[in-house]
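Undergrad: Dropping a structure here in structure tokens format, bear with me for questions.
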Amino acid sequence: MNELDDFRAALRQPPEEPFAEPDLARIMADGTRLRRRRRLLTGTAGVAAAAAVVLVVVFAIQLRQPAPAPVAQPPSPPPAVSTTSRVPAAEQPIGDVVGTGIRTPAGELVFYARAVDLPELPGVHFGLVAGLRSGTSLQPLLVANEFRGSDRSFGFHATDGGETLDRQVIPVFGYFAGPAAKITTTVHGRTVEARLARWTADPSVVIFWFDAGDVPNSAVLTPLIAYDADGKRLTK
């Protein structure tokens with residue numbers, strides 16, 4: 001066999017792997033899906049762009065429109081005003097008010113007891129007030145009370161005064177817990193006797209005061225002396 005016969009025999013041999021026919025239906029279907037996807041994406045972008053255009057147009061129209069006129073509101077009611085004013089509580093004397101007979105343009109100078117309630121002074125329940133009485137009203141000027149121990153322990157308590165307050169001279173005053181019937185002091189070598197009044201809330205307590213002309217201030221006082229009804233000295 002010559003070379004030509006060999007060539008012809010080779011042409012008659014079948015291929016080791018036959019050529020597969022192209023799947024035209026699949027190829028066309030894939031192409032269709034690609035085109036649809038591309039059209040879908042293009043359509044989405046178009047919708048987004050159109051929406052953006054609509055928003056810009058609406059925003060521009062809103063800017064050109066005038067602001068809405070404010071709606072008239074009914075006037076607010078005025079704030080409530082309390083008719084109750086802060087007024088100091090009226091003085092509530094314990095027992096009777098003691099008049100001194102000393103008259104001033106603002107009223108009579110008086111003494112009276114007033115309740116004291118302080119946690120740091122558990123043994124003190126009242127103090128002595130020098131004030132003015134005009135009709136039924138009382139105006140306190142000076143308050144004195146014990147600042148240690150008991151307010152009714154035997155002896156002198158709350159001695160104060162001898163000064164001018166609100167253009168009113170307050171005489172030296174105080175109280176004595178015990179059966180005092182006479183209280184004296186010495187001013188520049190002269191014995192001066194105090195005026196006395198028993199406290200109606202507790203008769204064992206005696207309120208005393210000196211005339212301002214006799215005892216101008218507490219600095220001129222010598223130690224106070226108390227005597228009982230028999231003239232017996234109660235204090236040293």
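The values are calculated or read from the model by the stated rules, or taken from the named source; none is laboratory data. As the structure is a computational prediction, the values presented were derived from the model and not from experiment. Here Cβ is always computed from backbone atoms with ideal geometry, including for glycine, and neighbour counts include all displayed protein chains.
Undergrad: I need the full set of residues from region 225-236 which are among the basic types (Lys, Arg) and either surrounded by 13 or more Cβ atoms within 10 Å (Cβ to Cβ) or in a loop (DSSP other than H, G, I, E, B) (or both), in order please.
TA: As a first pass, look at region 225-236 and keep what is among the basic types (Lys, Arg): 232-233, 236.
Lys232, Lys236 - these are the residues of region 225-236 that are among the basic types (Lys, Arg) and either surrounded by 13 or more Cβ atoms within 10 Å (Cβ to Cβ) or in a loop (DSSP other than H, G, I, E, B) (or both).
Undergrad: Out of the residues in region 127-180 that are in contact with a His (Cβ under 8 Å, 6 or more places away or on another chain) and among the aromatic types (Phe, Trp, Tyr), which is farthest from Tyr112 (Cα to Cα)?
TA: Here the residue is Phe176.
Undergrad: Still on this structure: With the requirement that a residue be in a loop (DSSP other than H, G, I, E, B), closer than 21 Å to Glu146 by Cβ and not acidic (Asp, Glu), what does region 176-214 give you? Break it down stepwise before answering.
TA: At the first step, the residues of region 176-214 found to be in a loop (DSSP other than H, G, I, E, B) are 178-181, 188-189, 194, 199-204, 210-214.
From the residues that got through so far, the ones that are closer than 21 Å to Glu146 by Cβ too are 178-180, 194, 199-204, 210.
Of everything in region 176-214, those that are in a loop (DSSP other than H, G, I, E, B), closer than 21 Å to Glu146 by Cβ and not acidic (Asp, Glu) turn out to be Gly178, Pro179, Ala180, Ala194, Trp199, Thr200, Ala201, Pro203, Ser204, Phe210.
Undergrad: If you don't mind, another one. Any residue at all in region 124-138 that is in contact with an Asp or Glu (Cβ under 6 Å, 6 or more places away or on another chain) and basic (Lys, Arg)?
TA: For region 124-138, residues in contact with an Asp or Glu (Cβ under 6 Å, 6 or more places away or on another chain) and basic (Lys, Arg): present.
Undergrad: Quick check on my filter: what residues within region 193-224 are surrounded by 19 or more Cβ atoms within 10 Å (Cβ to Cβ) and at pLDDT 95 or above? Show your work before the answer.
TA: Filtering region 193-224 down to residues surrounded by 19 or more Cβ atoms within 10 Å (Cβ to Cβ) leaves 194, 199, 205-210, 215, 224.
Selection gives Ala194, Trp199, Val205, Val206, Ile207, Phe208, Trp209, Phe210, Leu224.
Undergrad: Another one. Out of all the residues in region 193-207, is one or more over 19 Å from Pro93 (Cβ atoms), β-branched (Val, Ile, Thr) and touching a residue at least 40 places away in the same chain (Cβ under 8 Å)?
TA: Going through region 193-207, the residues over 19 Å from Pro93 (Cβ atoms) turn out to be 193-194.
Subsequent filtering for residues that are β-branched (Val, Ile, Thr) retains none.
Checked against the condition, which is being over 19 Å from Pro93 (Cβ atoms), β-branched (Val, Ile, Thr) and touching a residue at least 40 places away in the same chain (Cβ under 8 Å), region 193-207 yields no hits at all.
Undergrad: Also: List the pairs whose first member sits in region 135-157 and is under 24 Å from Thr184 (Cα atoms) and in contact (Cβ under 8 Å) with a residue 40 or more places away in the chain, whose second member is β-branched (Val, Ile, Thr) and part of a loop (DSSP other than H, G, I, E, B), and whose Cβ atoms are under 8 Å apart, counting only residues at least 6 apart or on separate chains?
TA: As it stands, the answer is Gly155/Thr235; Phe156/Thr235, since those pairs meet every condition given.
Undergrad: Also: Out of Leu165, Leu121, Leu132, I need the residue that is modelled with pLDDT under 95, over 16 Å from Phe210 (Cα atoms) and among the aliphatic types (A, V, I, L, M). Which one? I'd like the intermediate steps shown before the answer.
TA: Details: Leu121 fails: modelled with pLDDT under 95; Leu132 fails: modelled with pLDDT under 95.
From the options Leu165, Leu121, Leu132, the qualifying one is Leu165.
Undergrad: Let me ask something else. Can you find a residue in region 214-223 that is within 16 Å of Ala113 (Cβ to Cβ), touching a residue at least 40 places away in the same chain (Cβ under 8 Å) and assigned by TED's automatic domain parsing to the domain that holds Pro105?
TA: Going residue by residue through region 214-223, those that are within 16 Å of Ala113 (Cβ to Cβ) are none.
No, that holds for no residue.
Undergrad: Kindly establish whether Glu146 is under 28 Å from Gly213 (Cα atoms), assigned to a loop (DSSP other than H, G, I, E, B) and assigned by TED's automatic domain parsing to the domain that holds Asp202. Talk me through it step by step, then tell me what you get.
TA: Details: under 28 Å from Gly213 (Cα atoms): yes; assigned to a loop (DSSP other than H, G, I, E, B): yes; assigned by TED's automatic domain parsing to the domain that holds Asp202: yes.
Yes, satisfied.
Undergrad: Within region 149-175, which residues are among the β-branched types (Val, Ile, Thr) and in a strand (DSSP E or B)? Steps first, answer last, please.
TA: Filtering region 149-175 for residues among the β-branched types (Val, Ile, Thr) gives 159, 164, 169-170, 172.
Hits for region 149-175 are Thr159, Thr164, Val169, Ile170.
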